[in-house]
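Each value in this text was obtained by applying a stated rule to the coordinates, not by laboratory testing. This is a predicted model, so every value here is computed, not measured. No Cβ is skipped: glycine too gets one built from the backbone with ideal geometry, and neighbour counts run over all protein chains shown.
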Amino acid sequence: MPGFLMNIARTTAVQAATSAAASATSDAVHILVLKKALNTQAAAAATLIQALPPVPPLASAGSLGTRINTFA
């Protein structure tokens, strides 16, 4: 059969393999984007936590803040 060319691009197996490869690549890209987004959020959260003012010390003398009202 000279001159006969077989077009394998239309076979089910080739289409399934191509689809699986594209899906794996797409999944890898989605995971990479998710990791970058999580890293960006973690950096933003760390910046916000560092920007908080220091906790003031508790009262240790006087009547304000040193006694507990147990009748409330």
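With the Kirkwood sum run over all distinct C-alpha pairs, the chain has a hydrodynamic radius of 19.5 Å.
Per residue, the chain reaches -20500 deg cm²/dmol at 222 nm when only DSSP H runs of four or more residues are counted, each adding -39500 (n - 2.57).
Scalar couplings 3J(HN,Hα) for region 42-54, obtained by applying the Karplus form with A = 6.51, B = -1.76, C = 1.60 to θ = phi - 60°, are 5, 5, 5, 5, 5, 5, 5, 5, 5, 7, 5, x, x Hz; x denotes Gly and Pro. Once both labels are positioned 7 Å from their Cα atoms along Cα-to-Cβ, the gap between Val55 and Thr40 label points is 3.3 nm.
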